[in-house]
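The values are calculated or read from the model by the stated rules, or taken from the named source; none is laboratory data. Nothing here was measured: the structure is a model prediction, and the numbers come from that model. Quick reminder, even Gly has a Cβ in these numbers, built from the backbone with ideal geometry, and neighbours come from all protein chains shown. Just the protein is used for accessible areas: all its heavy atoms, side chains included, with ligands, DNA and RNA removed. Shrake-Rupley method; radii C 1.70, N 1.55, O 1.52, S 1.80 Å.
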Amino acid sequence: MKPYKVIRVATILRSLPISLLFFLLALYASLRVAMLIYTGTDLVPVAIWPMVLVKGLWFDTVVAVTMIAPLLCYEALVPKRWRSSGWHQKLRLVCLFSFFFVLLFGAVSEFTFWIEFFNRLNFIALDYLIYTSEVIGNIRQSYPVGWILSAIALCAAVLVWLINRWVRGREAIVLNWPQRLGVVVVAMVAPTLLLSIANVEQMDGKISAYADELSGNGLFTLAAAARRNELDYPKFYRTLPEERRRKTLLGLGVSRPVTPELSPASMAGNNHQVSGTLGHHFSRLPKHLVLVSIESLSASYLGSYGSGGGLTPHLDALAKDGLLFQQVYATGTRTVRGLEALSLGTPPVPGQAIVRRPENAHLTTLGEVLAHQDVDTFFFYGGYGYFDNMNAYFSANDYKVIDRTDIPSNRIVFENVWGVADEVLFDAVIDEIDRREKTERSFFVHVMTTSNHRPYTYPDGRIDIPSPGGREGAVKYTDYAIGKFIRDAKTRPWFRDTLFVFVADHCASVAGKTKLPVRNYRIPLIMYSPGNLKPGTFSPVISQIDLVPSVIDALGRPGRQQFFGRSVFSDEPWMERAFISNYQELGYLRNHKLTVLLPKRRVQAFDVDPVTLESTPSDIDDKLLEEAIAYYQSASADFRTGALRAAFHAARP
């Protein structure tokens, strides 16, 4: 056998796989530095930049080695005669260009994702990969896509030229077959070993949530999100023995009887019998309910909650004439999580929201409970309701769904990729209620808005901020649309018998110094029903899940005990607590303390300042930990076992 020369280190370093490996590490490091600069030293002090960069190098190495492994195998096994052929050289150039283009496009995408969410690629990005029509449309309407793609293509072409000059004409690495097989083994073993050691928990440095996120790698966190799409609660989180869990939950006032008494006959005269806590707020109980869940509306945007921006004059007026809830907290960071809370009244389950899971038909939802009592129930959405499985979920739970496809084109004065303008959606709501009013039946309408969302475009001439007006313009336009909706509703006979509820699905941003920044989960909640509901303020802490049993009480109807949430109109003493989550971390806020359940049965605790809502690490309170486990374990178990299913099902008339 012909002897082979010892391969020089310089030759190895200038080989294509190793050159691309170093390029990947340089690209990811540059992206991380750019994110650090954009984030600023106030959120990530320069003193911890070295830690972020070193930890980042670890995750980047794991990803880079994994990505290069197939190329290493190919380079080891490709026959020598192929290398010198013209077609192989051309194929290599095409592949290199594609490789660089995709990587640069991914880096730009991740940077824009960071600008929007201050997070590495996660569940949100994973969902966006599914709904490509809305996402691509959103990008096209928000950014100069043509110029960006052209710049990326130019950079990719330059990189191909540089890398080709770098490796071309150098001494080729000549391997015999045992050496080739050895390279293949290394290419397979190295990423397997690294991936078995690395995990997303290693990002947690317990210093700053921003720093932790920046120390990760977007592809790594995206893969982790895909693996943890549905977390099995008993497998990943702390649990309680069954009997102890039940007793703890019962002690917290959650009974959820299996066989409810929801007979429509029991409703006779209820609209005139108001007493106790309910009577303190209502002089007369309304007959109808309109629940408006507003896209991405943080409480901090409203003048009623201390903002001086003047963005919400109409909502502020409704708050003055209605019941304003000062301390309400969303359960999650996505619309589906808000819809879960506002229909099911349940603490968030880890992983994907129930709205998007299979086996979610005929659950004990607000619509299912009211439909059983001869109430016409609707879900209105300004976009296409297949997004986030909304159509399927609400249709399967006794709501009549009306989305973008049901709105006549001659009524649409404006639309963008996410849906029709909010004013168009509210006009459709009024039209449908007007038709139903002739039946003299009670109705419940859940409306999900879309305008307060990137690309932040809306009809011209409505507000003093030209479209696209960024987040502030979108907030002010949505407020305008709500004001118009109420003005139009006041001209209808059904207005005096209707309770209007305005609440956010989630906040505009949940990024903070901790993984669950309490302040960034605070949302507005306003109930408005002039002549029925007395103006006032409700100050105690409540959760988004408490709205469902509260509106059932406000309508004077039975069924509030079917939910994990509690009615603010109950005569029982109010227990302040809230639930906040981000798919993996499950937070329980009570007594100014946030207890957080994490995967691998870990637990963290924070003291929450009652004024600033800033969190500082603290010792774990065993009682609060037990309460948190009881709630979250029960919610997950009830969905898994079918206990969240309604013990009744009303066929629509």
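Taken together, the residues in segment 131-158 that are at pLDDT below 75 and aromatic (Phe, Trp, Tyr) amount to 1.
Which pairs turn up if I take residues in segment 420-446 that are without any contact (Cβ under 8 Å) to a residue 24 or more places away in the chain and look for partners that are assigned to a helix (DSSP H, G or I) and among the aliphatic types (A, V, I, L, M) with beta carbon separation below 6 Å, at least 6 apart in sequence or on another chain? Final answer for the pair search is none. Suppose the filter is acidic (Asp, Glu), open to solvent by 70 Å² or more (accessible area, probe 1.4 Å) and either at pLDDT 95 or above or part of a strand (DSSP E or B) (or both); does residue 607 pass it? Considered against the rule, which asks whether it is acidic (Asp, Glu), open to solvent by 70 Å² or more (accessible area, probe 1.4 Å) and either at pLDDT 95 or above or part of a strand (DSSP E or B) (or both), residue 607 comes out as no.
Scanning segment 250-288 for residues that are in a loop (DSSP other than H, G, I, E, B) and modelled with pLDDT of 85 or more yields a count of 9. Among the residues of segment 465-500, those that are more than 28 Å from residue 116 (Cα to Cα) and hydrophobic (A, V, I, L, M, F, W, C) comprise 485, 486, 489, 494, 495, 499, 500. What residue, of 373, 326, is out of contact with any helix residue (DSSP H, G or I) (no Cβ under 6 Å at 6 or more places or on another chain) and within 26 Å of residue 498 (Cα to Cα)? When all the criteria are applied, what remains is 326. Filtering segment 283-304 to residues that are open to solvent by 30 Å² or more (accessible area, probe 1.4 Å) and under 28 Å from the mean Cα position of the chain (by Cα) leaves 300, 301, 303, 304. Of the numbered criteria (1) within 26 Å of residue 370 (Cβ to Cβ); (2) open to solvent by less than 30 Å² (accessible area, probe 1.4 Å); (3) touching a helix residue (DSSP H, G or I) at 6+ places or on another chain (Cβ under 9 Å), the one residue 587 fails is (1). Figure legend. Inter-residue proximity from segment 350-374: first residues free of Cβ contacts under 8 Å to residues at least 24 places away in the same chain, second residues of a type in the set (A, V, I, L, M, F, W, C) and part of a loop (DSSP other than H, G, I, E, B), beta-carbon distance below 8 Å, spacing 6+ or different chains. No pairs are indicated. For segment 494-508, indicate whether the set of residues that are in contact with a strand residue (DSSP E or B) (Cβ under 6 Å, 6 or more places away or on another chain) and assigned to a helix (DSSP H, G or I) is non-empty. Yes, some residue in segment 494-508 is in contact with a strand residue (DSSP E or B) (Cβ under 6 Å, 6 or more places away or on another chain) and assigned to a helix (DSSP H, G or I). Does residue 541 fit the bill of being open to solvent by 10 Å² or more (accessible area, probe 1.4 Å), within 21 Å of residue 453 (Cβ to Cβ) and either among the aromatic types (Phe, Trp, Tyr) or outside any helix (DSSP H, G or I) (or both)? No; evaluated as a whole, the condition is false for this residue.
Checked against (1) open to solvent by 20 Å² or more (accessible area, probe 1.4 Å); (2) modelled with pLDDT of 75 or more; (3) more than 30 Å from residue 515 (Cβ to Cβ), residue 100 meets all criteria but (1). Entry remark, segment 201-247: residues being at pLDDT 90 or above, surrounded by fewer than 20 Cβ atoms within 10 Å (Cβ to Cβ) and not charged (D, E, K, R) number 3 in total.
The residues of segment 233-243 that are among the charged types (D, E, K, R) and without any contact (Cβ under 8 Å) to a residue 40 or more places away in the chain, listed by number, are 235, 242, 243. Taking each residue of segment 618-645 that is without any contact (Cβ under 8 Å) to a residue 40 or more places away in the chain and looking for partners that are among the β-branched types (Val, Ile, Thr) with beta-carbon atoms closer than 6 Å, six or more apart or interchain, yields 620/603; 624/595.
Which of (1) part of a strand (DSSP E or B); (2) of a type in the set (Val, Ile, Thr); (3) under 24 Å from the mean Cα position of the chain (by Cα) is the odd one out, the single condition residue 548 does not satisfy? All conditions are met except number (1). Going residue by residue through segment 363-386, is there one that turns out to be aliphatic (A, V, I, L, M) and more than 22 Å from residue 560 (Cβ to Cβ)? For segment 363-386, residues aliphatic (A, V, I, L, M) and more than 22 Å from residue 560 (Cβ to Cβ): absent. The sole residue among 496, 519, 487, 492 that is surrounded by fewer than 21 Cβ atoms within 10 Å (Cβ to Cβ) and within 25 Å of residue 588 (Cα to Cα) is 519.
Among the residues making up segment 571-604, those that are modelled with pLDDT under 95 and among the basic types (Lys, Arg) are 600, 601, 602.
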